[in-house]
1. Find all pairs meeting these conditions: Cβ atoms under 6 angstrom apart; at least six residues apart or on different chains; first residue within region 105-130 and modelled with pLDDT under 80; second residue in a helix (DSSP H, G or I).
2. Filter region 85-99 down to residues that are without any contact (Cβ under 8 Å) to a residue 12 or more places away in the chain and surrounded by 12 or more Cβ atoms within 10 Å (Cβ to Cβ) and give me whichever is nearest to the chain's Cα centre (by Cα).
3. Tell me, please, whether a residue that is β-branched (Val, Ile, Thr) and either outside any helix (DSSP H, G or I) or not assigned by TED's automatic domain parsing to the domain that holds Trp10 (or both) can be found in region 81-90.
4. If only one of Val145, Val141, Val105 is aliphatic (A, V, I, L, M), in contact with a strand residue (DSSP E or B) (Cβ under 9 Å, 6 or more places away or on another chain) and surrounded by fewer than 15 Cβ atoms within 10 Å (Cβ to Cβ), which one is it?
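The values are calculated or read from the model by the stated rules, or taken from the named source; none is laboratory data. A quick note: this is a predicted structure, and the numbers were derived from the prediction, not measured. Don't worry about glycine lacking a Cβ; one is built from the backbone with ideal geometry, like all the others, and counts go over all protein chains shown.
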Amino acid sequence: MEYKDLYEIWRDEISSGELQVLPKEFYSELTEYVRRITSGARMLDEDTVKAKLVKRESENVKKMVKDLLNSRFRKMFEGVFYGKPINEEALTEGEKKIYSEIYSVKENLESLIKRVLEGKYRVEEKVKERKYILLRFLKDVPAIVGSDMRTYGPFKPEDLATLPIENARILIKQGVAIEVETR
């Protein structure tokens with residue numbers, strides 16, 4: 001992808017009320033293009049004309065990308081919430097997932113409205129706050145006594161362990177472990 005390609009796609013998208021069909025590998029090519037101009041800008045002497053041009057190109061690309069994606073997602077949102085028809089075949093695979101999540105949000109909202117209007121809404125139980133966090137260790141850590149008075153460790157890099165939240169936050173802050181996202 002080159003600047004002119006992105007510019008044409010951006011121009012077509014923002015000038016149309018409908019989603020435009022993107023090239024098959026658009027996001028992959030766009031990511032590579034952004035990476036290429038960003039790394040190219042870092043390798044140049046800041047005082048040269050070329051560096052200034054590359055920096056300006058990079059700024060313009062970032063603005064176009066934000067504008068392009070905001071326009072596409074606004075169209076998806078309006079399609080779901082305001083019933084405006086959209087060409088679902090113009091969605092990329094990643095966008096299809098987001099589009100279905102927008103539908104899910106709308107369905108949840110409609111369900112809430114229905115329950116309130118029917119007098120069937122009840123306050124949900126409070127979500128239990130997590131007391132433990134799953135960590136992946138980045139460095140060697142000797143055994144520690146947790147806030148629950150249990151002994152944990154010792155740990156080696158790449159070990160996984162569930163620790164009390166108070167201890168986990170300290171280890172994360174010290175940079176010796178990172179939280180593992182769980183679903």
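1. Every condition considered, the pairs that remain are Tyr121/Arg115.
2. Of region 85-99, the ones without any contact (Cβ under 8 Å) to a residue 12 or more places away in the chain are 85, 88, 93, 96-97.
So of that shortlist, the ones also surrounded by 12 or more Cβ atoms within 10 Å (Cβ to Cβ) come out as 88, 96.
Working: Glu88: 22, Lys96: 15 Å.
Across region 85-99, the extreme among qualifying residues is Lys96.
3. Taking region 81-90 first, the residues β-branched (Val, Ile, Thr) are 86.
Filter once more, so that each one left must be either outside any helix (DSSP H, G or I) or not assigned by TED's automatic domain parsing to the domain that holds Trp10 (or both): 86.
The answer is yes, given that some residue of region 81-90 is β-branched (Val, Ile, Thr) and either outside any helix (DSSP H, G or I) or not assigned by TED's automatic domain parsing to the domain that holds Trp10 (or both).
4. It is Val145.
Yes/no per residue for (1) in contact (Cβ under 8 Å) with a residue 60 or more places away in the chain; (2) assigned to a loop (DSSP other than H, G, I, E, B):
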{"site": "Ile14", "(1), (2)": "no, no"}
{"site": "Pro23", "(1), (2)": "no, yes"}
{"site": "Tyr27", "(1), (2)": "yes, no"}
{"site": "Asp45", "(1), (2)": "no, yes"}
{"site": "Glu57", "(1), (2)": "no, no"}
